[in-house]
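Since the structure comes first, as C-alpha cells, the remarks are kept for the end.
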Amino acid sequence: MEQNKIKQGGNPLGYKPIGHLLMQFALPAIISMLVNSIYNIVDQIFIGQGIGYLGNAATTIAFPIVTIILAMSTLLGAGGSAYAAIKLGEKKEEEAERTLGTVFLLTLAASVVVMVLGFAFMTPMLKVFGATANTMEYAMQYTSIILLGTPFNMLSVVLSNMARTDGNPALSMYAMLVGAVLNTILDPIYIFIFHWGVTGAAIATITSQIISAVVLVLYFMKRGKNMRLHKDSMRINGDICRLALPLGISSGITQVASTILQVVMNNSLVYYGNQTDVGGDVALSAMGIVNKISMILISICIGIGIGSQPILGFNKGADRPKRVRRTFLLAAAASTTVSFIGWITCQVFPGPILSLFGTQDVQFTQFAVRCLKVYMLGIFTAGFQVVVTSYFQSTGQPLKASVLSMLRQLLLLIPLILILPLSLGLEGILYAGPVADITSAIIVSQFVVYEMRKLNKVCKES
C-alpha cells in the first residue's frame with residue numbers, strides 16, 4: 001500500500017478502494033446537485049402554497065434562463081475539472097492550477113455577458129419561453145432578480161466542480177448545503193411575512209448563491225490542496241481553453257438541450273392545453289412541477305456521475321485501466337438503482353408527491369397526477385445514461401459524450417413533442433417522455449458494449 005501511495009504521488013485517487021472513493025466523492029456531489037435543484041424546487045413549493053399555480057407557471061417560464069446559466073457553468077466547471085483531474089494524474093500540478101485560474105476568469109466574463117443579454121432581451125425572451133398575459137408580470141419579477149445573481153450562481157457551480165477535483169468533495173457539499181438551508185429559511189419569510197411574492201423567492205435564491213460562492217472562492221484563495229487562486233494563476237490560457245473546454249461540452253450541451261426542450265415544451269403545453277378543458281396555464285404549471293420532480297431524481301444520478309469523474313480522470317491519466325473499468329461499473333450500477341427506485345415512487349405515490357406543491361383545484365390535480373405517471377414512465381433508464389456520458393467526458397472522449405448528451409433531449413424528445421401531439425393532442429406530449437427515454441437507452445447501450453470490449457482488452461494486456 002505504501003508503495004502505491006508513493007507511486008501515485010500520495011493522491012488517494014490512485015490507490016484507495018474504488019467503492020470507498022466513489023462513496024467519498026459521489027455523496028457530496030449528489031448533495032451538491034440536489035441542493036442546486038432545491039433552490040428552484042423550494043421556490044416552487046412556497047410559491048405554490050403562497051401564490052398558486054400562476055406563480056408556479058411563471059417560474060416554469062423563467063426556468064430556461066436558469067438552465068442557460070447552468071449550461072455555461074457546467075461547460076466551464078465540468079471541462080475545467082476533468083482537464084485538471086487528468087493533469088493531476090499526470091503529476092502536472094502547475095498546469096492544474098493554471099486551469100483553475102483560467103476557468104475562474106472565464107466564469108466571471110461569461111456571467112456578465114449572460115446577465116447583460118438577459119436584461120436587454122427579457123420581454124421577448126419570456127414570450128418565447130411561453131409567457132402569457134396572466135403570467136408575464138410574475139415571470140419578469142422572478143427573472144430580474146435571478147439574473148442579478150448570475151455571477152455568484154456560476155461561480156458556485158464551477159468552483160464546486162473544481163473543489164471535488166482538488167480532493168475536497170465535502171467542501172462543495174457544505175458550501176451548497178449552507179446556501180440551501182438559508183434559501184429554505186428565507187423563502188417563507190419573504191413570501192408569507194414580507195409578502196414579496198415571487199420577487200421574495202428569487203431574492204432568497206440569489207442570497208443563498210452568494211454565500212456558496214464566497215465560501216468556495218475563499219477556499220481556493222487560502223486553503224486549496226493542489227490548486228489555489230493567486231495573481232500568477234489568474235490568467236486566461238489559450239491552450240488550456242482549447243484542451244479543457246471540449247471536455248465540458250457534453251455537460252453544456254445537456255443544459256442547452258434542456259433549454260431548447262423547455263421552450264418547445266412550454267409553448268406546446270400552452271397551445272395544446274388551450275384546446276382542452278385543462279387549459280394552457282394549468283398544463284404549463286403541472287408539467288413544470290413534474291420536471292422539477294424529475295430534476296431531483298436526475299440530480300442524484302448526475303451527482304454519481306460527477307463523483308466518478310475525478311477517479312476516472314486521474315486513473316486515465318495514470319494509465320490504470322482496471323480502476324477506470326471498476327469505477328464505471330460501480331457508478332452505473334448505483335445510478336441505475338436510484339433511477340429505478342425513483343420510477344417506482346412516482347408510479348405508486350404521485351398524489352402525495354404533488355401535494356407538496358400546494359393544494360390546487362381538482363382539474364389541476366388530476367392532470368398533474370397523470371402527467372407525473374405517464375411522462376416519467378421511462379425514467380428508470382436515466383441513471384445509466386447519465387453515468388455513460390460522464391464516463392466518456394472524464395476519459396477524454398468529448399465527441400461521444402457530446403453526441404450522447406444531445407441524444408435524448410435534442411434528437412429524440414423535441415421531435416416527439418412536435419410530432420405526437422399532431423395525432424394525440426396534449427396526451428402526445430406526455431407520451432413523448434417515455435418513448436425518448438427508452439429509445440435513447442437502447443442506443444446508449446450500444447456505445448457501452450463497444451467501449452467495454454475495448455477496455456477489457458486493454459485490462460488484459462496491462
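Computed quantities for the displayed model
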read-out	value
Förster radius 35 Å - calculated FRET efficiency between LEU105 and SER144 (Cβ-Cβ, nearest 0.05)	0.85
Taking all pairs of distinct alpha-carbon atoms in region 166-312, Kirkwood radius in angstrom	19.0 Å
Ranked by how many other beta carbons lie within 10 Å on average, peptides 289-300, 110-121 from highest	289-300, 110-121
Region 62-125: trypsin sites (Lys or Arg not before Pro) falling in loop per DSSP and having at most 14 other Cβ within 10 Å	LYS91
Column: log10 I(q)/I(0), Debye, Cα scatterers of region 116-229, q = 0.11, 0.19, 0.22 Å⁻¹	-0.45, -0.95, -1.08
Within straight-line cross-link reach of LYS225, lysines at Cα separation under 22 Å, skipping those fewer than 8 residues along the same chain	LYS5, LYS7, LYS16, LYS87, LYS91, LYS92, LYS316
Whether region 18-105 is rounded, prolate or oblate, judged on the alpha carbon gyration tensor where a/c under 1.5 counts as rounded	oblate
Calculated [θ] (222 nm, deg cm²/dmol) that DSSP helices of n ≥ 4 give over the chain, each run adding -39,500 (n - 2.57)	-28000 deg cm²/dmol
Separation in nanometres of the label points that stand 7 Å from Cα toward Cβ, at ILE296 and LYS92	4.3 nm
Reach of LYS292 by Cα under 17 Å, taken over lysines that are not fewer than 8 positions away in the same chain	LYS373
For region 338-462: span of alpha carbons on each principal axis (Å, largest first)	64, 32, 18
The chain, relative contact order in percent, only Cα pairs under 8 angstrom and at least six apart counted	23 percent
Inter-label distance for LEU329 and VAL128, nm, one decimal - labels placed 7 Å from Cα along Cα-to-Cβ	4.7 nm
Cα centroid separation - region 362-403 against region 11-58, whole Å	15 Å
Descending Cα extents along the principal axes, region 299-357, whole Å	50, 18, 6
Share of pairwise Cα separations in region 85-155, more than 22 Å, in percent	44 percent
Estimated FRET transfer efficiency when R0 is 30 angstrom, pair MET234-THR184 (beta carbons, to 0.05)	0.35
Cα Rg, Dmax, region 247-403, angstrom units	18.4, 60
Cα Rg, Dmax, the chain, angstrom units	21.6, 70
ILE344-MET136 FRET efficiency (beta carbon distance; Förster radius 35 Å; 0.05 resolution)	0.35
19 Å Cα-Cα reach of LYS460 towards aspartates and glutamates, excluding residues that sit fewer than 8 places from it in its own chain	ASP319, GLU451
Contour minus Cα-Cα distance for SER423 and ILE443 (0.36 nm per residue)	4.6 nm
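Quick note: the coordinates plus some simple rules give every number you see, no bench work behind them. If you're wondering where the values come from, they're calculated on a predicted model, not measured in any experiment. Backbone-built Cβ (ideal geometry, glycine too); neighbour counts: all protein chains shown.
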